[in-house]
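For reference, the structure is listed below as C-alpha cells.
The values are calculated or read from the model by the stated rules, or taken from the named source; none is laboratory data. Here the structure is a predicted model, which is why all the values come from computation and not from measurement. Every residue, glycine among them, receives a Cβ derived from its backbone with ideal geometry; neighbour counts consider all protein chains shown.
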Amino acid sequence: MANPLTRTKSIEQSMADTDEPGHGLRKELSWWDLIVFGVSVVIGAGIFTITASIAGDKAGPAISLSFVMAAVACALAALCYAEFASTVPVAGSAYTFGYATFGEFLAWILGWDLILEFAVGAAVVAKGWSSYLGSVFGFAGGTVTVAGHDIDWGAVVIVAIVCTILVLGTKLSSRVSAVITTIKVAVVLLVIVVGFFYIKSANYTPFVPPAEHGADSEKSLDSTLFSLITGGGDSSYGWYGVLAAASIVFFAFIGFDVVATTAEETRNPKRDVPRGILGSLLIVTVLYVLVTVVVTGMVNYRQLATPEDGSAMNLADAFALNDVTWAEKVIAIGALAGLTTVVMVLMLGQSRVLFAMCRDGLLPRGLSKTSPRFGTPARLTVLIGVVVAVVAGFFPIDKLEEMVNVGTLFAFVVVAGGVMVLRRTRPDLQRGFTVPGGPIIPVLAIIACVWLMLNLSALTWGRFVAWMVIGVAIYFLYSQRHSMVGKRERGEVPAPEQPAGDSGS
C-alpha cells in the first residue's frame, strides 16, 4: 500500500471520475468563454486603484516595469498551466495537477492554498464593490452600523447575486461575464485614450526615483523578505521599491489560473484551455501597461502618494488633478462592473477546486453532488456564497491581499515543477499543448515566482504559514482517512470504470 502522504491519483482515475454519475460537470464552454472568464477576473478595480497608489508609494513611473515583471512571471506560469490543463482536463487546477505528480499531501496543501486565494480574494473584492457602489449612486457606501458594528451589506448583496448566477449554470455565468466585461474594457480604453492627451514627459523623470528609507526600517515587518535578508530594510522607490511593487501588483493578475479550473467543463480542452489562458493574459497585460504609462505621465508620482489620512489615491484622482472631473464617475462605473465579474469568477474557481477536493474525499464527499437540473455543484456553491458573504460583510479583511499573492505564487511553483515531473513519469500522455524549450521555461517560472515571493512582506509570510499549519492539521485529522484514493487502495470502494476507448489522455 502506498504511503498516504505520497500516493498519487492517476490521470486515468482522474478522467474516469469526471464520468461518475452525479459527480460530473457539463461540457459547455468554448475557448472564447475561457478568454472572457480570464479577462473578466483579472481586470477589476486593481487597474483603477492599484496603478496609482503603488506608483505613488513604491515605484514611481517605474510602476510599468513592475507590471511587466509580474506579467512575465505570470506568462511563464501560464505556459505551464496550459500544458497541464490540456493534458489533464479535470476540475481542480493546481490541486488536481499536484495530485497526479507529487502526491496527496502536497495536493491537499495546494487545494488549501487555493481556498485561501479564491475565498479571501472574493471577499476583499466584494468589499471593494460595495465601496464603489456608493461612488456610482451618490451615497456613503454599502455599509450600515448596527450595535456598534459595521455591516457591509453591499458586499453581501453582490455575493448573493453572483452565487445565484453560478448555481444556474456555467454557460449563463459566461454570458453575464461577457456583457459586463465589454463594459469595463470599454471604460479602460476610454481612460487610456483620454489620458493620453494629458501626458507630460517631465513626469517620467526620474523614471526610477531614488530610494527613501523609513524610520526603523531594519526592524519593520512590512519590509519585504528579500530586503530584510539583504539588509535593504523598508524602503520606497529605488529598485527595492520596484521589486516590492511587482510583488504587490501581482495581485492584479490573480485569476487567470481560474481558467484552468474550468477545464472539465470545456468542450475541447486540449485546444481551448491553452487559448483561454494565454489569450486572456496577453490582453490584460497590454491594458495594464498602457494604463500605468498614462497615469504616471498625467501627474507627478509624488502627487499619487498616500496622504496622511491613509486614503489611497486612484486613477480618478489623476484625472481630477488635470481638471477632468467627469472621469471619476466613469471610472467608478468601470470599477463596479469590473469587480462584479471578479467576484463571480473567483467564486467559480473556488467552487471547482472544492468540488474536486470533495469528490476525492479530502473534504465531505456529499458536497460534490451536482444539480441534475443545472449541472453545477449547487449546494457547494451556496455554501461558499454564505461563507464569503459572512467574511466580506462582517469582518475587516482589507489587509490580507498579500496572503493571496504568496499562496498563488506557491501554487505556480508547484505547477511548473509538476510539468517537468509528468513529462518524465508519463511521456505517453497526449498533450494538447507543450511548453516550448524543454525544461527551460518551467525552471524560469519557478525562479520568477520564488523571486516575487521573496519580495512580499515578512508579516505576509507569517500569516501564510499560520494558514498552512491549520490546513496540515485538517489533513491529518480528517482528509487522510477519508481519501477516496486511500479507500480504493484498501478495497473499501470500487474504482469507477474507465469509459471505453479512453486512454486517460
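Overview of values
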read-out	value
Residue within the stretch 44-60 that is outside any helix (DSSP H, G or I), modelled with pLDDT under 80 and within 30 Å of residue 317 (Cβ to Cβ) present	yes
Verdict on residue 285 being modelled with pLDDT of 80 or more and crowded, with 24+ Cβ neighbours inside 10 Å	no
Cβ pairs under 6 Å, 6+ apart, first in the stretch 470-481 and within 12 Å of residue 112 (Cβ to Cβ), second surrounded by 13 or more Cβ atoms within 10 Å (Cβ to Cβ) and hydrophobic (A, V, I, L, M, F, W, C)	471/112; 475/108; 479/108; 479/362
Residue within the stretch 10-26 that is among the basic types (Lys, Arg) and at pLDDT 75 or above present	no
Residue satisfying all of: in the stretch 439-453; within 19 Å of the chain's Cα centre (by Cα) and buried (at least 19 other Cβ atoms within 10 Å of the Cβ); modelled with the highest pLDDT among these	446
Given (1) surrounded by 23 or more Cβ atoms within 10 Å (Cβ to Cβ); (2) assigned to a loop (DSSP other than H, G, I, E, B), number of the condition residue 436 does not satisfy	(1)
Test set (1) at positive phi; (2) touching a Gly at 6+ places or on another chain (Cβ under 9 Å) - residue 355 fails condition number	(1)
Subset of the stretch 75-104 (residues that are closer than 25 Å to residue 282 by Cβ and among the acidic types (Asp, Glu))	83
Selection status of residue 312, at pLDDT 80 or above and hydrophobic (A, V, I, L, M, F, W, C)	no
Residue that is surrounded by the most Cβ atoms within 10 Å (Cβ to Cβ) [pool: residues in the stretch 454-494 that are of a type in the set (A, V, I, L, M, F, W, C) and not in a helix (DSSP H, G or I)]	456
The stretch 374-415: number of residues that are modelled with pLDDT under 80 and of a type outside the set (S, T, N, Q)	14
Enumeration of residues in the stretch 349-370 that are modelled with pLDDT under 85 and under 21 Å from residue 181 (Cα atoms)	349
